[in-house]
Amino acid sequence: MTGRDDRARGPVRITPCPDGPLLVRGPVEVVDADGNAVTPRRRTVALCRCGGTGTPPWCDGTHKVNGFRTGD
């Protein structure tokens, strides 16, 4: 999702949740380690920061049970 049309829709906003995921809003392209596009199913997505998710790169709430702390 890159290009002139995407920029017209507004900026990307990334919001770190205390002890939780990164919320990403806006026209962003997510790719896996091999460079393949990963299609988000929502306009706002939650990216895992704790490393424990069963659905990478998306947050599945595992941070609530594994004791993940961000310090913010």
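Readers should treat all values here as calculations from the given coordinates under stated rules, not as data from a laboratory. All figures in this text were calculated on a predicted structure; none of them were measured in a lab. Virtual Cβ from ideal backbone geometry, glycine too; neighbours counted across all protein chains shown.
Calculate the FRET efficiency for residue 14 and residue 65 from the Cβ-Cβ distance with a Förster distance of 25 Å, rounded to the nearest 0.05. Don't skip to the answer; put the middle values down first.
Details: r = 24 Å, r/R0 = 0.96.
After rounding, the FRET efficiency stands at 0.55.
Quick check on the chain: helices-only [θ] at 222 nm, where DSSP H runs of length 4 and up contribute -39,500 (n - 2.57) each and the sum goes over total residues. Nearest 500, please. Provide the component values of the computation, followed by the final result.
Working: 1 runs with 5 residues, N = 72.
Helices in the chain give a 222 nm mean residue ellipticity of -1500 deg cm²/dmol.
If the only charges are +1 at each Lys and Arg Cβ and -1 at each Asp and Glu Cβ, what is the size of the charge dipole of segment 6-72 around the Cα centre, to the nearest 20 debye? Working shown, then result.
Details: 10 positive and 7 negative charges, 71 e Å.
Dipole about the Cα centre, nearest 20: 340 debye.
Given the peptides 50-63, 33-46, 10-23, arrange them by the average over their residues of other C-beta atoms within 10 Å, most packed first.
On the way: 50-63: 15.9, 33-46: 10.4, 10-23: 13.4.
Most protected by this proxy first, the peptides run 50-63, 10-23, 33-46.
Rounded to whole Å and sorted largest first, what semi-axes of the equivalent ellipsoid does the C-alpha gyration tensor of the chain yield via the square root of 5 times each eigenvalue? Can you show the working numbers first?
Details: eigenvalues 120, 43, 15 Å².
One finds semi-axes of 25, 15, 9 Å for the chain.
Step through the residues of segment 38-53 one at a time and calculate ³J(HN,Hα) from phi using the Karplus curve (6.51 cos²θ - 1.76 cosθ + 1.60, θ = phi - 60°), rounding each to whole Hz and writing x for Gly and Pro.
These are the phi-based 3J(HN,Hα) values: 10, 7, x, 9, 9, 6, 10, 10, 10, 9, 5, 10, 7, x, x, 4 Hz.
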